[in-house]
Structures are given as structure tokens and as C-alpha cells.
Amino acid sequence: DTFPKYLLLNAQRFGDRPALRHKDYGIWQTWTWAQQLEQVRALALGLREMGLGHGDRIAVIGANRPRLYWTIAAAQSLGAIPVPVYADAVAEELAYVLDHAEVRFAVVQDQEQVDKILSFADKIPALEQVVYDEPRGLRDCDHSRLHAFSDVQERGEKRLAADPSAGAAWEEGIRTASGSDISVMLYTSGTTGRSKGVMLT
């Protein structure tokens, strides 16, 4: 089973129990299973509103952080294919992977990752939208293709408020997902040549 199915099941069974902890600026942040589900659902519906759909590739670039894990779950819940990329990949290597995987969307941690993508934007023709977690240093950038993570979630929340059935339809999509769908695309380290994409169902 995919993580979205696991998340959905545990949110129903253990809703108020702690599920994830992350230390930020020395302070532990905690999310319950129910809160995690809300975060993933809002992101998934927001990404769907932006055009992410079944079979689309979405790069996930950054350190191990809750929002990037939620991105993987949100992508899988829509039948999209997450493509995690090493946060310390140099710009040229990053551009190669994103182009090779034909990613349409990228969700990144911060300005460093945005800068790497923008510096090789002409080498990634399929890339349409970039979502960032940390806004520091990005206020004056061209936001025609840049979106704050929180803004994408807000889109999803507005969609759910306007049409409550969207949440039920999203959950049903998770329950009926096929085990033969591609769950994730992982790239090799590329130490002996160009990185190679490995697709897992």
C-alpha cells in the first residue's frame, strides 16, 4: 500500500495520537495523524487546482522536513509521481534529473533550490510550477511560476470549503488506487555516470 492509504487509515483509527515530530529552531513541533491528513489533503487539492494530475512527475528537493514528506504523500494521493532529489545536488545535476524525469512541478525547501532551478530553467522545458517551503529571500522574485507552500494549501482549503464533496472524492481516489501505478521515481547517485531513474510501483 502507498503512504496515503496508510495515512488515511491511521487518521481514522488514531486521529488525536502524535504521528510526527520535527525540531525547528530548537523547539519540537508535533502533528497528530488527523492533522497530518489535513495538511496532505489541503496540499493535494491545491496542487490539483494548479493542474497536477495522474502520471505527472513532481520533484521534491530539500532536507528531511514534514512538508516535503507531505508533498510525496499528496502527489501519490493524486496518482502523480514524486521524484525526490538530493538537496545537495549541484544545479547542473539537478537540471538533468528534472529534465530526464520530465517533471511538471517542483516542491523545494528554500531559495537555494529555487536559484538552482532558475539558473537552468532553459534546460527543464517541461517544468511549469515551483512551490517553495521557506520564503526567506524570495519576496522579490518573479512569482508567475513560484508559489508559497502555504498558498497552495490555502487553494486546497478554499476548494474544500466551496465543495465539501472534494474531500470525499479525494479519499475515494486513495482507496481505489491501483497497486500497478508508479509510486515513486528514484534516481541513482550517478557516481559512475549519469543518474538513472528507477520507477517503483
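The values are calculated or read from the model by the stated rules, or taken from the named source; none is laboratory data. Because the structure is a prediction, the values reported are computed rather than measured. Quick reminder, even Gly has a Cβ in these numbers, built from the backbone with ideal geometry, and neighbours come from all protein chains shown. All accessible areas refer to the heavy atoms of the entire protein, side chains included, with ligands and DNA or RNA removed. Shrake-Rupley method; radii C 1.70, N 1.55, O 1.52, S 1.80 Å.
Yes or no: the range 77-85 includes at least one residue that is more than 14 Å from residue 199 (Cα to Cα), surrounded by fewer than 16 Cβ atoms within 10 Å (Cβ to Cβ) and modelled with pLDDT of 95 or more.
No.
Take residue 136 and tell me if it is assigned to a strand (DSSP E or B) and either modelled with pLDDT under 95 or not β-branched (Val, Ile, Thr) (or both).
no
For the range 76-89, what are the residues that are closer than 23 Å to residue 3 by Cβ and part of a loop (DSSP other than H, G, I, E, B)?
Within the range 76-89, 78, 79, 80, 86, 87 qualify.
Only one of these is assigned to a loop (DSSP other than H, G, I, E, B), closer than 18 Å to residue 148 by Cα and not hydrophobic (A, V, I, L, M, F, W, C): 55, 51, 15. Name it.
On inspection, the qualifying residue turns out to be 51.
Check 92, 112 and return the single one that is open to solvent by 20 Å² or more (accessible area, probe 1.4 Å), more than 22 Å from residue 23 (Cα to Cα), in a helix (DSSP H, G or I) and without any contact (Cβ under 8 Å) to a residue 40 or more places away in the chain.
Criteria check complete, one pass: 92.
Name the pairs whose Cβ atoms lie under 9 Å apart, with the first residue in the range 1-22 and over 17 Å from residue 68 (Cβ atoms), the second open to solvent by 100 Å² or more (accessible area, probe 1.4 Å) and not in a helix (DSSP H, G or I), and 6 or more positions between them or separate chains?
9/1; 10/17
Would you be able to tell me the number of residues in the range 170-201 that are part of a helix (DSSP H, G or I) and open to solvent by 60 Å² or more (accessible area, probe 1.4 Å)?
2
Taking the range 60-70, which residues are of a type outside the set (Lys, Arg) and either open to solvent by 30 Å² or more (accessible area, probe 1.4 Å) or in contact (Cβ under 8 Å) with a residue 60 or more places away in the chain (or both)?
Answer for the range 60-70, where residues must be of a type outside the set (Lys, Arg) and either open to solvent by 30 Å² or more (accessible area, probe 1.4 Å) or in contact (Cβ under 8 Å) with a residue 60 or more places away in the chain (or both): 62, 63, 64, 68, 69.
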